[in-house]
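The block underneath contains the structure these notes are about, expressed in structure tokens.
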Amino acid sequence: MGNSAPMAKSAISADEAFLPEELPFYKKGMEFFHLQLVHLNVNIFILDHVLSFPYYLFTDPDESLFFRMVFENFFYASLLIITRLAADQGPDLFTLPRFRNRIRDAVKPEYRRQLDQSLRSARFSATTRSVLHRATKLRNERVAHVLEEVALGQGEGTRIVYGELKSLRDQLNQLLDALSFNTYYMMLPLQYSPDVSHPGGTGRRPDIERVLDSVARESLLLNLPERNPVAWSSRKQKMPANDLEILNSYRVKFGLPRV
């Protein structure tokens, strides 16, 4: 649900701005798209954590399959959310751009200029449209459908990198915000929100962080100084300084001394 923003970009509420007969459509549409984008942002939050974890320090190469599969599946799930919200075509399909166009006609005439100014900042750039086009091609070639030439390796296929997926997420967040008048929509649940402090150690942390921390905490390398000091002394001499710093950051997080 939306919460009143402490610093609203507009003092005009949706109740005031919309034609009375259009207000229920606006509110239901905003609730739907907000929930969809929360789902997308949660996916991206988890992907960020999975991608940034130093597997090379704490796992053997054959022990990270689960997390590789998590990344792949969350990536494609995010791709599906983005393309169905922003790119699908059809008279009965409910997309955010189509909702945006309908909303403009639902606003009282005296507030349309204000809405237009807000939407101008959220307009899809040529780069965004190009990435969205490739995202839709990838969805059609490999995710929602399978093209024979792609499956048999006869074509190069379409590719989207993770940074591009995140840029599309950002664009959709911005568009919803431009439609929100003086209401603030949180894009992450409280347990994932950067506005909420999650102390390390045994304090409250996002569940994905606790899962990844458990992998590090139980790893051979993290416990090597205590379990086998001789082996650790030899291993430490070969470790790059950056790897040692990462290791120590985890040891401190778990209440262990730096080494």
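The values are calculated or read from the model by the stated rules, or taken from the named source; none is laboratory data. Predicted, not measured: the structure shown is a model, and the values here were computed from it. When we count neighbours, we look across all protein chains shown, and the Cβ atoms used for this are built from the backbone with ideal geometry, even at glycine.
Could we say that Leu47 is surrounded by fewer than 15 Cβ atoms within 10 Å (Cβ to Cβ), in a helix (DSSP H, G or I), within 21 Å of the chain's Cα centre (by Cα) and not charged (D, E, K, R) here? No, not satisfied. Sub-6 Å Cβ pairs linking a first residue in the stretch 200-215 that is closer than 14 Å to Asp48 by Cβ to a second residue that is at pLDDT 85 or above and part of a loop (DSSP other than H, G, I, E, B), at least 6 apart or interchain, are Leu212/Phe53, ordered by first then second residue. Of all the listed residues (Thr83, Thr59), the sole one being surrounded by 14 or more Cβ atoms within 10 Å (Cβ to Cβ), among the β-branched types (Val, Ile, Thr) and within 19 Å of the chain's Cα centre (by Cα) is Thr83.
Please determine whether any residue of the stretch 189-201 is modelled with pLDDT of 95 or more, closer than 24 Å to Phe66 by Cα and out of contact with any strand residue (DSSP E or B) (no Cβ under 6 Å at 6 or more places or on another chain). Within the stretch 189-201 (the criterion being modelled with pLDDT of 95 or more, closer than 24 Å to Phe66 by Cα and out of contact with any strand residue (DSSP E or B) (no Cβ under 6 Å at 6 or more places or on another chain)), the answer is no, since none of the residues qualifies.
Evaluate the following for Leu175: is it part of a helix (DSSP H, G or I), surrounded by 14 or more Cβ atoms within 10 Å (Cβ to Cβ), touching a residue at least 60 places away in the same chain (Cβ under 8 Å) and out of contact with any strand residue (DSSP E or B) (no Cβ under 8 Å at 6 or more places or on another chain)?
It is true that Leu175 is part of a helix (DSSP H, G or I), surrounded by 14 or more Cβ atoms within 10 Å (Cβ to Cβ), touching a residue at least 60 places away in the same chain (Cβ under 8 Å) and out of contact with any strand residue (DSSP E or B) (no Cβ under 8 Å at 6 or more places or on another chain).
Among the residues in the stretch 217-239, are any exposed (fewer than 13 other Cβ atoms within 10 Å of the Cβ) and among the β-branched types (Val, Ile, Thr)? Within the stretch 217-239, one or more residues are exposed (fewer than 13 other Cβ atoms within 10 Å of the Cβ) and among the β-branched types (Val, Ile, Thr). The set of residues from the stretch 86-97 being surrounded by fewer than 18 Cβ atoms within 10 Å (Cβ to Cβ) and part of a helix (DSSP H, G or I) comprises just one member, Pro97. The residue that is farthest from the chain's Cα centre (by Cα), counting only those in the stretch 146-169 that are surrounded by 14 or more Cβ atoms within 10 Å (Cβ to Cβ), farther than 18 Å from Leu51 by Cα and of a type outside the set (A, V, I, L, M), is Gly157.
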